[in-house]
Amino acid sequence: MPQKRPFVLKIFRSVHIARKNADRLSIMIRCRFLIAACVGTLFYVVLSFVGGRDGLWATEQMQRQKMLLSANTAEIQHTNDQLSMEKIALQKDMDMVAAYAKRLGYIHEGEKLVKISGLATNETQIYDAGTVLKHTESEFIPERLCKGVGVIVFLLLYLVLLLFDYSRGLIHFGSRKIRYATADGTAMYDMR
């Protein structure tokens, strides 16, 4: 009777070790999945943050466009202020009207017009009305592409981790062989 007891203890120990290994394998499978999912999600978030619709790339494009529009608006406002001042001066000051008329070649009664050839004539100032700037849509990476890249990274990393575990012998594919251990020459089967 005393000899059977150590044999029974060896069987229980080997079954316990097999169950611990199965639990460890289950934890490794979950960890492999979670690591791949986290890295895939990280790729999606970074890609969306940098190149998405409201990402850094699109924001920078909108800032550039805002600066161009602001500069163009300032130029147009300056031209508008000058024209408003000239309009008020022409409406209220008759000497200003006479100066403009002389620039255009008109004279008062009793004045004589003398033109000297070879001298440049004063031409009226032509105001620039500004350039036409249209709103352009900013370029960005579509959300569908960001999600697709995240899923592809997840699948590739999961496959790499799976192959790594396979190469280390932690998982096996193909036919399932019945594994058994021997204790004192007797085969012990794990019946799960």
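The values are calculated or read from the model by the stated rules, or taken from the named source; none is laboratory data. Computed from a predicted structure; not experimentally measured. We place every Cβ from the backbone using ideal geometry, glycine too, and count neighbours over all the protein chains shown. Calculation scope for accessible area: heavy atoms of the full protein, side chains included, ligands and nucleic acids excluded. Shrake-Rupley method; radii C 1.70, N 1.55, O 1.52, S 1.80 Å.
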Note, ³J(HN,Hα) from phi for the stretch 163-170, Karplus 6.51, -1.76, 1.60, rounded to Hz, x at Gly and Pro: 5, 5, 5, 5, 5, 7, x, 7
Pairs of Cα atoms under 8 Å, at least six residues apart: use those to get the relative contact order of the stretch 56-165, whole percent. 43 percent
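What is the percent carbon and sulfur in the accessible area of the stretch 39-107, measuring with a 1.4 Å probe over the protein chains and ignoring ligands?
Working: 3490 of 5290 Å².
C and S atoms contribute 66 percent here.
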Please turn the phi angles of the stretch 95-112 into ³J(HN,Hα) values with the Karplus equation 6.51 cos²θ - 1.76 cosθ + 1.60 (θ = phi - 60°), one per residue in order, whole Hz, x for glycine and proline. 5, 5, 5, 5, 5, 5, 5, 5, 5, 7, x, 8, 9, 7, 5, x, 8, 10
Count the net charge of all other residues whose Cβ sits under 12 Å from the Cβ of Arg53, scoring Lys and Arg as +1 and Asp and Glu as -1. -3
Under 5 Å from the placed amide H of Ile171, counting only residues 5+ away or on other chains, we find Tyr166
The answer for the net charge of residues other than Thr79 whose Cβ lies under 15 angstrom from its Cβ, with Lys and Arg +1 and Asp and Glu -1, is -3
Low-density loop trypsin sites (Lys or Arg not before Pro), the stretch 42-90, at most 16 other Cβ within 10 Å, DSSP non-H/G/I/E/B, are Arg53
Looking at the stretch 35-137, which chymotrypsin sites (Phe, Trp or Tyr not before Pro) are DSSP coil and have at most 13 other C-beta atoms within 10 Å of their C-beta? Tyr106, Tyr127
Scan the stretch 123-165 for GluC sites (Glu not before Pro) in coil per DSSP, keeping those whose Cβ has at most 10 other Cβ atoms within 10 Å, and list them by number. Glu123, Glu137, Glu139
